[in-house]
Structure formats: C-alpha cells, structure tokens
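Here is the structure we will look at.
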Amino acid sequence: KIIVIGANGQIGTELVMALRGIHGAENVIASDINDPAYAIRNSGPFELINVLDKDNLHHIFDKHRPTQVYLLAAILSAVGEQKPKMAWDLNMTGLLHILDFAVEFKTAKVFWPSSIAVFGPHSPQFNTPQYCVMDPNTVYGFSKLAGERWCEYYHAKYGVDVRSIRYPGLIGWKANPGGGTTDYAVHIFHEALKTGKYQSFLSAGTALPMMYMEDAIRATISLMDAPAENIKIRSSYNLAGISFTPTQLAEEIQKHIPDFEISYSDNDPRQAIADSWPKSIDDTDAQQDWGWQLEYDLSKMTADMLDNLKKIL
Ligand code: VAH
C-alpha cells in the first residue's frame, strides 16, 4: 500500500493520480486533513489524517502497513509568513512523526518534498549548486532546510530510505497551488483565458526556477523507483526546470492569446520572498545519480497549459 498525505494539495492531487495509474487505485491511499478534493473523490481509498495527531497517524500506519509514504502536507512560503509558528509546527513535527513511524513500521520508502526556498539571499543566485551557503529567511524555507537535515539524519542513523527533491515553483492545470510565492505562474493562465488580463504580484523582471507539473511528477516517480544505491544525496536533490520572469511568461502566452495584457502590482509581500530565492538551479547531481532529464520548456509548457485549461474553464 502507498499512502499520499496531503493528497488535496497541488502536488498531492497529481501524485495520487499518477501513482494510481501505475500501482492500481486500490493500492494508493489518498489522505488529507479535509475530505477529498473533487479531482480525486471516489477514485480510490481515502483516509482523514492529521499529521500532528500522533495517535491517528500510528493507527493509520498500523492499519495499512504502507510500503511507501509520500508526505506532502505543508504550509507554503507566503502563508507561512502569516502563520510562522503553525508553519514550523506542521512542516517540522509532521515530518518527524512520519520519520519515526517509518522506523517503527519499517516503511520501505518515504518521499518528502523540499524546495528551492531552502536557499537564501547569500546563496549563489544563478545555477545555484547542490551545496552552497543557505540562509533562507522564510519560515517555510528554513523548515524545509531543517527537514532536509532530519531526512539525512534518519537515513544515516536508522536506515530510513527517505528521498527528497528541492522543487522549483510548480505549474499545472489539474490542481491549483495554495499559499505560495510562485502561484502567479498558475493564476496567469486562468486569467489569460477568463479575462484576457492579469496583474502579477511579482515584478516584471523577477526570474524564478519553475517546472511543469508533468516533469515534477515524473521526476518524483523516477527518484522513488531508482535503486537505493544510486541515491547519493539524502538531504534533497536540486531540480532545475525552467527559469523565467513574469514578462517572459506573458510574452509566451501572447503567442497564443495576442491581446493578453499583463500589469504589475508593486507592494506585495511575496516580492521580498521571491527576491531571496535563486533565479536558476544546477541539477547535475539528479542527472547523474538517477538520470533526470527535463521535457517541458517554457514554450511546450505554455501550449500544454492553455490547451488543457481551455477545456475545463
Ligand atoms: C512556494 N510553490 O511558492 C512553493 C515553492 C519554490 C516555491 O516552494 O512557496
């Protein structure tokens, strides 16, 4: 049995769909603190889970004896700055509960997402390497940095086969993002189709590492399927994707919707978060250790997003 915790989220929803396609719906238990989102409702087993409720979690591990657990429940960067203690508690304590139960129940593999948010103002900004100065100044960022340290520790000390990816900003059409700084890059597509215009909360020249959800899901499954001996990094792997600014994204959208108009607000708190993050990432280690190869560039992603969104909007 595979359990996906945080199944209602942007990544969780798509991961549940992908894993059910591979392993069979009945073998992939979706779980979240709330009832299942529409996209995964009635499509396979579901459990209500609160990762902060240790007894509830112990019962779930005991009942299902999962072979794999994907812990995607988290509070992201922007909401994390509004609720810093709640973000630290959920992101940190939730992970520690899962790692402890993975030891107790000998769970074969655990996946836990990190983020390019683990880098900070003094990290190299371009082609940010796997190892460098990391001074994240958001609660989300340093909860992910601390989480990476715990994952590496539980692997070294207790042999937990926990694997992790530092996701860039993720863009997809099957599930919406929640509470992040990169969410503009999803909202812009919806607005381009619905109203023909969008006001970006990040400034025109704000370059960030991004990735199409198809690539992110494929990378996750590829990492989890790789032989354990190939996984040399047990903190979290850099994953590059595409680096672009709101202006570059708008220009790509305008190739499909010529009169689409973008404007910019200039006092959004998420700007400071974005400014503390790298502009592009080096993912040589992921390429070498488990054969990572990106498939969607900006042009292919934009075309696919618009093609799929216009069918459901
Ligand atoms: C956020 N989407 O914006 C997340 C992600 C790199 C960004 O971690 O907080």
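Under unit Cβ charges (Lys, Arg +1; Asp, Glu -1), what dipole magnitude, rounded to 20 debye, does the chain have relative to its Cα centre?
500 debye
Calculate how large, on average over all directions, the projected area of the Cα convex hull of the stretch 182-258 is; give the answer in nm² to one decimal.
Averaged projected hull area, Cα only: 6.3 nm².
Among 98-105, 208-215, 58-65, what's the highest-first ranking by average C-beta atoms within 10 angstrom per residue?
208-215, 98-105, 58-65
Can you tell which of Gln82, Val28, Leu239 lies farthest toward the positive end of the dipole of the chain, using +1 and -1 charges on the Cβ of basic and acidic side chains (Lys, Arg; Asp, Glu)?
Val28
So, with a 1.4 angstrom probe, what is the percent of accessible area on the chain that is carbon and sulfur?
Carbon plus sulfur share of accessible area: 52 percent.
Could you pull the accessible area for Ile49 with a 1.4 Å probe, rounded to 10 Å²?
10 Å²
Cα atoms only: what Rg and Dmax, in Å, come out for the chain?
Just the Cα atoms of the chain yield Rg and Dmax of 18.7, 58 Å.
On a 1.4 Å probe surface of the protein chains, which of Ile233, Ile33 comes out largest in accessible area, and what is the full order?
Ile33, Ile233
When the Cα atoms of the stretch 87-182 are enclosed in a convex hull and the volume is divided per residue, what value in Å³ results?
Dividing the Cα hull volume of the stretch 87-182 by its residues yields 119 Å³.
Could you pull the accessible area for Arg149 with a 1.4 Å probe, rounded to 10 Å²?
110 Å²
Using only the alpha-carbon atoms, what does the stretch 246-301 span along each of its principal axes? Please give whole angstrom values in decreasing order.
Principal extents (Cα only, largest first): 42, 31, 10 Å.
Structure shown: which of Lys85/Lys106; Lys1/Lys279; Lys157/Lys232; Lys83/Lys106; Lys63/Lys174; Lys63/Lys109 lie over 27 Å apart, alpha-carbon to alpha-carbon?
In this structure, Lys85/Lys106; Lys1/Lys279; Lys83/Lys106; Lys63/Lys174 lie more than 27 Å apart at Cα.
Put Phe201, Phe142 in order of accessible area, largest first, 1.4 Å probe: what do you get?
I get Phe142, Phe201, largest accessible area first.
Explain nothing, just compute: Karplus ³J(HN,Hα) = 6.51 cos²θ - 1.76 cosθ + 1.60, θ = phi - 60°, for every residue of the stretch 135-146 in order, whole Hz, x for Gly and Pro.
Running phi through 6.51 cos²θ - 1.76 cosθ + 1.60 with θ = phi - 60° gives 10, x, 10, 10, 4, 4, x, 7, 6, 6, 5, 5 Hz.
With all protein chains present, calculate the accessible area of Cys132 using a 1.4 Å probe and round the result to the nearest 10 Å².
40 Å²
Name the long-range amide H neighbours of Ile165: under 5 Å, sequence gap of 5 or more, or other chain; modelled H, no Pro or chain starts.
For Ile165, the qualifying residues are Trp112, Ser114, Tyr237.
Could you work out [θ]222 nm for the chain from helices alone, using -39500 (n - 2.57) per DSSP H run of at least four and dividing by all its residues? Round to the nearest 500 deg cm²/dmol.
When only DSSP H runs of four or more count, the value is -12500 deg cm²/dmol.
Counting residues in the stretch 1-96 as N, plug N into 2.2 N^0.38 Å and put the Cα Rg over that result.
So the Cα radius of gyration is 1.06 times the expected 2.2 N^0.38 Å.
The values are calculated or read from the model by the stated rules, or taken from the named source; none is laboratory data. Model, not experiment: these values are computed from the prediction. No Cβ is skipped: glycine too gets one built from the backbone with ideal geometry, and neighbour counts run over all protein chains shown. Remember, those area values only see protein heavy atoms, side chains included, never the ligands or the DNA or RNA. Shrake-Rupley method; radii C 1.70, N 1.55, O 1.52, S 1.80 Å.
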